[in-house]
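Asker: Here it is: the structure, laid out below.
The values are calculated or read from the model by the stated rules, or taken from the named source; none is laboratory data. Here the structure is a predicted model, which is why all the values come from computation and not from measurement. Here the Cβ positions follow ideal geometry from the backbone for every residue, glycine too, while neighbour counts run over all protein chains shown. Protein only, heavy atoms only, side chains kept; ligands, DNA and RNA dropped before computing areas. Shrake-Rupley method; radii C 1.70, N 1.55, O 1.52, S 1.80 Å.
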Amino acid sequence: MNRTLLWETGIAVLTVYATIEIPLVIVLDLPRTGYLLGSDIVLTVCFAADLVGRFRAAREEGGESTQRYLREWFLVDLIAAIPFGTLLAVPFESLRLLRLLRLAKLARVNTAARKLRRRFNAINPSLLRMATLAFWIVMTAHLVACGWLWIGGTGDQELGHAENYLQAIYWTTTTLTTIGYGDITPRTPGQTIYTIIVQIIGAGLYGFVIGTIATLIANIDVAKAQFQEKLERIQTFLRFRNIPPELQQRVHDYFDYLWASRRGHEERAILDELPDTLRTEIAYHINREILYKVPIFRGAGEQLLRDIISKLEPCVYLPGDIVVRKGETGREMFFISKGSVEVVSADMQTVYATLTEGQFFGEIAVLLSTERTATIRAIDYCDLYKLDQTTFSDVIEKYPAFEKSIRDMAEQRRRELGL
Ligand code: CMP
């Protein structure tokens, strides 16, 4: 975690603390001495440092940043840094509500939370959003409970601070969740108005929270849900078309493998959404394994690899699948990332060779613009990468050394076939 993010997280934690402490101190009328005075000083120092730090960072960034900071956040940060609690303690006790201005800083908590979510992206985003929602629910309940205490609470003089707060939280949850047992009821006109407002807001909030949670739960594993839906659609189609059960089973196997090997993500479609530069970077990251596996790539320069990598198209074959058929016109060559294939004659009686991880095939037809010289059959589940003829031609034109290694291999294979 970098220093800025660490600092912003610290400030967010302090803000949350202030949001809990300040309203309680006000409504329970706690004296600002000892620990509470200490916490006020810590908050003041940290918020003031935050104000200076952010202002300086905006100035260093240059351009519009300073103006934007002054326009958007300066006032919030400034107000939060003023210690109204200590300044106003003695002379203007009636102005103690001014201390609540510090809570303006709460608006910044969301920004810090968003940055943290992005930083710890290994955690499911829906779960993180649910945690954020839970946080805001707790904060709202706390503030509403403090409001209830402010206008008198249960009015029971016997209760201590903790019990009073507990009763207020109880009243808040029963009202906000629209349960309303009615055991704690408003006693004054002020309390009645407050109750009506909380009830109306509560009904809306309740609906919003339930709706949001339902959406978040549905989104916890979007990939799985979408994959399942696709599979069901395909199965319905296969049944409707009376496809033989064995063939249906093969389709099933294919999707099972797709899920096991890449969680059903269609890499091509996702990459196509991205701009060129990002696409190349991400394709490089995903496909770099194949670059280490294929010997002819190992000696190749960085630029050649980058040129090829974003054009490689991943594809999957099941055991027994025919990848290329002798006599067909070939428009692409293949690199084997996982699995093995056999090179066989057209009648599949003669096996010329077995090719495994890191090897390639299909180069003869592409290089010489001829028909496929043999049939290629997958022995087990195969992860292959396809390179189309246009990219292939561009690449060999630019990189003669690459062309030579492929041409040499093609010649040798043709000789072995007696061509
Ligand atoms: P192509 O003719 O395009 O399609 C069939 C592929 O099988 C061919 O390219 C070669 O890549 C591969 N091939 C043909 N003969 C052999 C062999 N003897 N050993 C390995 N691979 C071969």
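Asker: K326 - would you say it is within 9 Å of the ligand (Cβ to nearest atom), open to solvent by 40 Å² or more (accessible area, probe 1.4 Å), assigned to a loop (DSSP other than H, G, I, E, B) and on the phi < 0 side of the Ramachandran plot?
Answerer: Details: within 9 Å of the ligand (Cβ to nearest atom): yes; open to solvent by 40 Å² or more (accessible area, probe 1.4 Å): yes; assigned to a loop (DSSP other than H, G, I, E, B): yes; on the phi < 0 side of the Ramachandran plot: yes.
Taking the combined requirement at face value, the residue satisfies it.
Asker: On the basis of being within 25 Å of T172 (Cβ to Cβ), of a type in the set (A, V, I, L, M) and open to solvent by less than 80 Å² (accessible area, probe 1.4 Å), does A203 make the cut?
Answerer: Working: within 25 Å of T172 (Cβ to Cβ): yes; of a type in the set (A, V, I, L, M): yes; open to solvent by less than 80 Å² (accessible area, probe 1.4 Å): yes.
The answer is yes for A203.
Asker: Follow-up. Pick from F47, F55, F74, F84: which is farther than 26 Å from R117 by Cα and aromatic (F, W, Y)? Spell out the reasoning first.
Answerer: Values: F47 fails: farther than 26 Å from R117 by Cα; F55 fails: farther than 26 Å from R117 by Cα; F74 fails: farther than 26 Å from R117 by Cα.
Matching residue, one of F47, F55, F74, F84: F84.
Asker: Search the stretch 28-40 for residues being assigned to a loop (DSSP other than H, G, I, E, B) and of a type in the set (D, E, K, R), and hand back the single one that is surrounded by the most Cβ atoms within 10 Å (Cβ to Cβ). I'd like the intermediate steps shown before the answer.
Answerer: Within the stretch 28-40, the first condition is being assigned to a loop (DSSP other than H, G, I, E, B), and the residues that meet it are 28-33.
Now restrict to residues that are of a type in the set (D, E, K, R): 29, 32.
Details: D29: 9, R32: 18.
Only one residue fits best here, namely R32.
Asker: Anything in the stretch 138-195 that is open to solvent by 60 Å² or more (accessible area, probe 1.4 Å) and closer than 20 Å to F208 by Cα? List them, or say none.
Answerer: V138, L143, T173, T178, I179
Asker: Now for a different question. In this structure, does G320 turn out to be away from the ligand (no atom under 12 Å from the Cβ), loosely packed, with under 14 Cβ neighbours inside 10 Å and within 27 Å of I282 (Cβ to Cβ)?
Answerer: Here the answer is no, as G320 does not meet what is asked.
Asker: Test each condition in (1) farther than 29 Å from D276 by Cβ; (2) more than 9 Å from the ligand (Cβ to nearest atom); (3) assigned to a helix (DSSP H, G or I) for R413 and report the one that comes out false.
Answerer: (2)
For every residue, the table says whether it meets (1) over 30 Å from T154 (Cα atoms); (2) of a type in the set (A, V, I, L, M); (3) open to solvent by 60 Å² or more (accessible area, probe 1.4 Å).
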site	(1), (2), (3)
T9	yes, no, no
I22	no, yes, no
I26	no, yes, no
C46	yes, no, no
R54	yes, no, no
E61	yes, no, yes
